[in-house]
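First the structure, in the form of structure tokens, and then the observations on it.
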Amino acid sequence: MSKRKSLLALALVLAVTCGADQKNKASAPEFKGESVYNIETIWLDPSGKEIRLADFHGKKILMTMIYTHCQYTCPLMIAKLKEIETDLKKKGVRNYKIVLASFDHERDNPRRVAEYLKERKINREPWTMLSPRSAADVRELAAVLGITYAKEKEGGFAHSNRLVYLDKEGVPRKALDGVKADHKDLVAFMANDRK
Amino acid sequence: MLHVLTLAFIFFTAHANQIKPRLVQIPGGELKPFWIAPTDITGEQEKIRIPPFHAMNLPVTNSEYVDFVRANPKWRKSKIKRIFADPSYLEQFASDLRLKKEIHPRAPVTYVSWFAARAYCESHGLRLPSLAEWEYLGAASETKADASEDPDYLARLIEWYNKPPGSGPVPPVGRGKPNYYGLYDLHGLIWEWIEDFNSSLISGESRTNGSIERELVCAAGSLAGGNKENYPAFMRFAFRSSLKGTSTIRNLGFRCVKGERNE
């Protein structure tokens, strides 16, 4: 009988602690397992504000990686994104961001990036560009987005040109590879995606 | 009583044969890479300077990894976020903190993603080796720091690479001979993660990219200047460029290094 009592007591303790556990969970934001919001690294926006990817929660995101000293494909990537922007507008897609993340933690910083956005006439919504705080953070983001890159001797980067669409929960849903790829499907997908 | 003694004896001898994990000091030097930076069009064989660093003498083992997930619940089998690892993550674990019966605690931990391997090293104040660092370590035979042009050594590597991976459990670490630096199991047991595994532009994704293709042609053209005999290194490259950060594979583990980041 006493054994049963102690079991009961144990069950009670477990029930209480489990309950407490669930409460804790509810207070901390819990993202989908596939969401890039699970990355906790901090980047800097053009105003110098600290940004976590989770800060974009609730917005659709078009994300790619470039760097401001890039001479070759990055301007083409931006031209591509401007075309996509126009087509998304036609489809009535509004609540989204175009997020450029830099490969170059040594030369890119908020001030440099802000100038770059101005030069390219994209220092406006829905555009933003993030500066990395370390080479390790760049490697991590590239791995998550499926982007490959290598630093070159002259300080530049050889990199793949991949554009990734993340839904409102931060889950990568579609990618466009190459600066000349047809973006019609991507735009249609974004327009129809309710997530 | 006799049983206890026998057990104690077995335990003692087993331990006496075990190589203790430690960080080994690796002198700096030069690496002759058979791959060349994609923009280098001179066709000349360049050299990469490797500053001194420290490397684990053994790959990280299952039991060491159990300690890691005990202290870091986020990386447990049941807690891992899908963005950080494939569903086969820690396939050799029966539960969050227990290995399956047939798995050796001193076998290298495998079925770990790049994100997980990285988090492990970071939790010890270490990091994954860079591509150049790993190739520098991997170029050493038992007797030479650089055996990357030694035909016998390369032939032995090819023999291992050509062996189909067994289906049984992975054997324990530290059973073979140490290499020139005193490191075990760089070849012959498992493959190992590197920090910049996603630095190869020769991947399925980049093929559709016109401008990268141009770069690829340059790279391919200058490859002729490299060491064509080092076929095993080409195989490692092919293997790495097939990986994603979330990949978890039966014979892919890792070791950590210490020193300033070098990519």
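Extension gain, B:ALA155 to B:ARG250, is 31.8 nm, computed as 0.36 nm per intervening residue step minus the present C-alpha separation.
Contact order for chain A, expressed relative to its length and based on alpha carbon pairs under 8 Å spaced 6+ residues apart, stands at 26 percent.
Here, the range A:124-170 has an Rg and a Dmax of 12.6, 38 Å when only alpha carbons are counted. Candidate membrane-span-like segments in chain A, meaning DSSP H helices with Cα atoms spread over at least 18 Å of their own axis and a Kyte-Doolittle mean of 0.0 or above, are A:2-27, with no membrane implied. The per residue volume of the convex hull around the alpha-carbon atoms of the range A:40-184 is 103 Å³.
With a simple spin-label model that places each label point 7 Å from the Cα along the Cα-to-Cβ direction, the separation between A:ASP182 and A:ASN95 comes to 3.1 nm. A Förster radius of 35 Å, combined with the Cβ-Cβ distance separating B:GLN25 from A:LYS153, puts the computed FRET efficiency at roughly 0.80.
Every number here is computed from the coordinates shown, using simple stated rules; none is lab data. In this text the structure is predicted, and so the values were computed from the model without any measurement. Counting neighbours? That spans all protein chains shown, and the Cβs are built from the backbone with ideal geometry, glycine included.
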